[in-house]
Amino acid sequence: MLAQNLERLIYILNVSTYIRRAGEVREILMSSRMLDPAAKSDPDKLVGRDRELRSLLDFIYRREERIAIVKGTRRMGKTSLVLTALKIASSGDRELKKKFEVPLKPCIPVYVDVYGVKSLDRLVVPVLKGHKRAWKLLHLTKHTSEYKTYVENLETEASKHLGVEAGLAYIAKAGVSWREVRSARFFAPTDLRGALETVSDAAEDCLVVVVFDEVQKVVDMGSRELKEFQEVLKYVSDNLPNIKLVLTGSIIRLTEEVVSRRYEEPLYGRPIYEINLGPLDRQSASEILGRGFKEENVAYDELVVDAGAVWTMGIPGWIVSFGRGYVDAVRSGADSDKAVRQAFASSLREMASFASSELENSLRRTRRRDAYLRVAQEVFRAGAIRWGALKRLTGLGDTALKRVLDRLILYGIVEKTEDGYYRVGDALMRAIGWRATLELSTCPVCGKGRAYIARPLPPFPVEVVYRPCNHVARFGALIVDDAMRLRVRVAGDELTRQS
């Protein structure tokens, strides 16, 4: 038992050091540059999300709900949104608070990334470290003689396993003194509920905003951990009035499972505030690229910005990747046309690699992974496909195909439309298998305008504006029907003059 306690002590010391360093790194990575791939926390850099940002601040300060969920597919900017809201809420800047019409009194922000965490108990230290006062109070706690005896026994066990000198050296590397070890540090709460209670007590009359990022990962921990997490959410909602919880999730259906309010679930009857993030509009995407290119001091024109805004599908992560690729290409000596092609190719590869990795992670525990990948690939290739055509192409029976599709839908990889087609559910997943290049095309109406067109065309609707004539080309999504015929959902390529 003492050996296990020693291992837990060393684990806590290591995690404490990691969290401290990770916090320092996070501050460095939160660059104010538009084309930095790290999450943004500067309100001025959060382009196209003003409505969602104000909604989140409204939840923090005014709404009665205790839990909010921010939903959006991968690379949609959820982390940037919540970090920006935390920065505003915790700031003492009068002008910033006035701009967003929130109270001057700052709240206490606690940010916890759930991605990669294997169990709930590993969220305890990040929650406590997120609140400096709570962590300090744990140091000052007075112990009973029983606790002191426990510490002495633990020291003895440490001497047996590591040697006194080795133990001290190990702890010194972690930046923690032996005197601190003898204090209350490792008597911190050992479960998530206790950690949140400690944070609530330490905050006293201050509002605490606790963010759990990528909360869908709790589902991967197993049904027992999921139920325990839901019980924690229920307890905080009912008993800790100075804590507000913000959850974010990339896989919509799994995120909805975490905050399920079915009759038999712990959160039944508890109101939950929802914020949904979709793709950015064309104007916002263009603003990100234009401002980013100006910051990097590289030459660009309207065609470059249009290409990046159109063919990245409004996904903030992809937009930034395209912008970085263009800047790198220009600085390496490429002309504007070559830089656009290289930027699109590199960003498409990056997004496809990321999406493929996410797909693999989603299916890593499944049997017959080849069947899941085969179905997903056929949906990606077709853009939209009916049950009959998918059954013929994959060779799966009805039961097997239903099981595969149900899981792909649960993980947001595939979705079923109202008219019975299966299509890509996550916008970023569209990058998988799309081997496209950009070509500079001339307007077929006037012969004067130009625009970049992807070849082959993507299996989803897209609208391109030719410059400077402003003629618009609308390309329809490809679909496969039950008779295995490939056709275009929108009949033909429609050209109109932009109003």
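What follows is calculated from the coordinates using simple rules that are stated; it is not laboratory data. These numbers come from a predicted model, not from an experiment. In this analysis, Cβ positions are derived from the backbone assuming ideal geometry, glycine residues included, and neighbour counts consider all displayed protein chains.
For the reader, a short list of remarks on this structure follows.
- Built amide H within the under 5 Å cut-off of residue 108, gap 5+: 207, 208, 209
- Length released on extending from residue 419 to residue 64, taking residue separation times 0.36 nm less the Cα-Cα span: 124.0 nm
- Residue 282 paired with residue 467, simple spin-label distance in nm, labels 7 Å along Cα-to-beta-carbon: 1.2 nm
- Kirkwood Rh in Å, taken over segment 282-499 so that all alpha-carbon pairs contribute: 18.6 Å
- Simple spin-label estimate for residue 99 and residue 264 in nanometres, 7 Å along Cα-Cβ: 5.0 nm
- Each label was represented as a point 7 Å from its Cα along the Cα-to-Cβ direction; for residue 366 and residue 253 these points are 1.0 nm apart.
- Panel order for 98, 40, by other beta carbons found within 10 Å of each beta carbon, from fewest to most: 98, 40.
- Applying a threshold of 27 Å to the alpha-carbon distances of 217/391; 227/391; 97/244 flags 217/391; 227/391 as lying beyond it.
- With R₀ set to 22 Å, the beta-carbon distance separating residue 201 from residue 231 gives a calculated FRET efficiency near 0.65.
- Burial order of peptide ranges 65-71, 464-470 (average beta-carbon count within 10 Å, highest first): 65-71, 464-470
- Contour excess over end-to-end distance, with Cα ends at residue 387 and residue 373 and 0.36 nm allotted per residue: 3.4 nm
- For residue 272, no residue whose modelled amide H falls within less than 5 Å of its own remains once neighbours fewer than 5 places apart on the same chain are excluded.
- Net charge, residue 377 excluded, C-beta distance under 14 Å - Lys, Arg +1, Asp, Glu -1: +3
- For segment 260-326, GluC sites (Glu not before Pro) meeting the loop criterion (DSSP other than H, G, I, E, B) and having at most 14 other Cβ atoms within 10 Å: 264.
- In segment 282-499, the DSSP beta bridges split such that about 95 percent are antiparallel, to the nearest 5.
- Filtered chymotrypsin sites (Phe, Trp or Tyr not before Pro), segment 250-335: DSSP coil and at most 13 other beta carbons within 10 Å: 263, 268
- 12 Å reach of a label modelled at residue 437, 7 Å along Cα-to-Cβ, counting backbone N of segment 303-324: none
- Distance between the C-alpha centres of segment 86-133 and segment 288-364: 31 Å, rounded to the whole angstrom.
- Amide proton proximity set for residue 437, modelled H, under 5 Å, gap of 5+: 455
- Using alpha carbons only: equivalent-ellipsoid semi-axes of segment 231-328, gyration tensor based, whole Å: 42, 14, 10
- Working note: Debye formula, equal point scatterers on the alpha-carbon atoms of segment 26-115, no solvent; log10 I(q)/I(0) at q = 0.10, 0.13, 0.15, 0.18 Å⁻¹ is -0.24, -0.42, -0.57, -0.83.
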